[in-house]
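Single-structure report; data block below.
Please treat every number below as a calculation from the coordinates, not as lab data. Everything quoted here is computed from the prediction, not taken from an experiment. Heads up, the Cβs are rebuilt from the backbone with ideal geometry, glycines too, and the neighbour counts pull from every protein chain shown.
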Amino acid sequence: MPQISQLMEVYLGQFFWLLIVIGIIYFGIARNMVPKISKTVDDRQKRITDDLAAAQAGQDKAEQIEADYRTSINEARAAAIEFVNEAKAKAASKNEAAIKRAETAIGKKADEADAELKAAQSSAMKEIEAVAAEAAQAIVKTVSGAKVTATEAKKAVKAAF
Amino acid sequence: MATEGKIDPMHQFEVQPIFDGFTLFGQQISFTNSALWMFVVLGLLYVFMAGGMKRELVPGRWQVMVEGIVGFIDNLILNSIGPNGKKYTPWIFTLFMFILFSNLLGMMPFGIIPGIHPFTVTSQFTVTGLLAAISFSIVLIVGFWKHGFKFFSLFIPHGTPLPMIPLIFMVEVLSFLVRPFSLALRLFVAMIAGHILIKVFASFVIQAIDAGGASWVIALLSIIFIAFVSALELLVCAIQAYVFALLTTLYINDAENLH
């Protein structure tokens, strides 16, 4: 086995070159390049975590804005409904008042017209009675020749009506 | 290698100088094929990591792969040691990636290109031994630095009856001291076994073809077997790298957090 038979002649050389190579790997690669690679990985991990956190924050903000928008729109809608109801009530009461006023005015006018009509009717009746009495007086005079006083004729006409 | 159509399954583990270097402590330090493949591992690892350094926010495939491995090691340490294990990440990363790339590179079929002889760095006890020794030293240094003599309480499990303490203490110390050897041997043996097996069956193929006649059946069976063993070895490559890194984190956890 050459590893044993050669041992005494080569071991110093083997140690010498191995120490040089191992030293270069240790100081040149393991202590110099590896931390940079680890840092790249860590940086990427951090970047991913940060980005995820930022995205989460953005989403939260968007949700908050949506919720705010919803409450404000609900408030506005409620206010609008209240305003409309108020306006409706106001308009209704105004209308009612106007109608009442109009009704009273119409009623008054109708009463006046009624009264006038009644007055006209009664005056017309009186005139008719007077004319009828005169006519009755004249008819009696020409038919029977009897004289009928105006008061008698009037009484008779009234009784006939 | 190829005398009388025979393959020496051990030849692949031989360390051969490519060009002479210098002497250190009276020993020749030459640039060997082992050192060459260590640098190939280093180069590949650098290319692999550099491909994932674009640092884009939306990663490409390569970047995902590199980030996946880094995340895998971070998780391993977090699960085994906890949040204060972060300072050991570079060492665990070095261990895992160096072993993984060495193992896989040793399994690549570079041998079909003439003149290139693949060499599995982790099949050398000197290499796995040094890696295990560094891990064990970290455990010892951290343990005594953080806890001082209290670190010895690691060797006395909770609820040990008083008369049993000396015996248990000895057993625990022994098992503790065996750790670096088991760590090094496990990887070394796992790597060497598969490679020898593949080479032995490869020599069967050549011998069977040389023999001629109906023995081509044996050659065919051997090739099929090699294919299966290669697939298994690829799995072992990843598992052994993981086991080495995992056990190191567990041992460091003992030192870091005591119990």
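Order by neighbour count: B:146, A:100, fewest other Cβ atoms within 10 Å first, most last. Could the numbers behind the result be given before it?
Details: B:146 13, A:100 10.
So the residues, fewest neighbours to most, are A:100, B:146.
Treating the Cα atoms of the protein assembly as shown as identical point scatterers in vacuum, please give the log10 of the normalised Debye intensity I(q)/I(0) at q = 0.14 Å⁻¹, two decimals.
Rounded to two decimals, the profile gives -1.30.
Considering the dipole of chain A built from charges on the beta carbon (Lys and Arg +1, Asp and Glu -1) around the Cα centre, which of A:125, A:136, A:6 is farthest to its positive end?
So the residue furthest toward the plus end is A:136.
Run the dipole for the protein assembly as shown about the Cα centre, Lys and Arg Cβ at +1, Asp and Glu Cβ at -1, nothing else charged, and hand back the magnitude in debye, nearest 20. The partial results should precede the final answer.
Details: 34 positive and 34 negative charges, 343 e Å.
That gives the protein assembly as shown a dipole magnitude of about 1640 debye.
Assuming R0 = 22 Å, what is the FRET efficiency of residue A:9 and residue B:8, from their Cβ-Cβ distance, to the nearest 0.05? Kindly include the intermediate steps, with their values, before the conclusion.
Numbers: r = 19 Å, r/R0 = 0.86.
The calculated FRET efficiency here is 0.70.
Under unit Cβ charges (Lys, Arg +1; Asp, Glu -1), what dipole magnitude, rounded to 20 debye, does chain A have relative to its Cα centre?
Values: 23 positive and 22 negative charges, 163 e Å.
Roughly 780 debye for chain A.
Return the whole-Å distance between the Cα centroid of the range B:1-72 and the Cα centroid of the range B:133-204.
27
Quick check: net charge around residue A:70, other residues with Cβ under 14 Å of its Cβ, Lys/Arg +1 and Asp/Glu -1? Mind showing how you got there, number by number?
Numbers: positive: A:77; negative: A:63, A:66, A:68, A:75.
Overall, the nearby charge balance is -3.
Please tell me the relative contact order of chain B in percent, rounded to the nearest whole number, where contacts are Cα pairs under 8 Å and at least six residues apart.
Over chain B, the number comes to 26 percent.
How far, in degrees from 0 to 90, does helix B:125-147 lean away from the longest principal axis of the Cα atoms of chain B, to the nearest 10?
In chain B, helix B:125-147 runs at an angle near 10 degrees to the longest axis.
Against the longest principal axis of chain B, how steep is helix B:33-51, in degrees 0 to 90 to the nearest 10, with axes from Cα atoms?
70
Quick check: the angle from helix A:150-160's long axis to the longest principal axis of chain A, C-alpha only, nearest 10 degrees?
Taking the Cα atoms of chain A, the angle to A:150-160 is about 50 degrees.
At 222 nm, what value in deg cm²/dmol follows for chain B if DSSP H runs of at least 4 each add -39500 (n - 2.57) and the sum is divided by all its residues, to the nearest 500? Let's see the in-between values first.
Working: 6 runs with 170 residues, N = 259.
Counting only the DSSP helices, I get -23500 deg cm²/dmol.
Once you've got the GNM for chain B with C-alpha springs shorter than 10 Å, pick whichever of B:205, B:47, B:243 has the biggest mean-square fluctuation.
B:47
Hey, which of these cross-link pairs are over 22 Å Cα-Cα: A:46/B:54; A:108/A:158; B:54/B:87; A:39/A:61? List each step's numbers first, then the result.
Numbers: A:46/B:54 18 Å; A:108/A:158 33 Å; B:54/B:87 24 Å; A:39/A:61 32 Å.
The pairs that break the limit, which is 22 Å between Cα atoms, are A:108/A:158; B:54/B:87; A:39/A:61.
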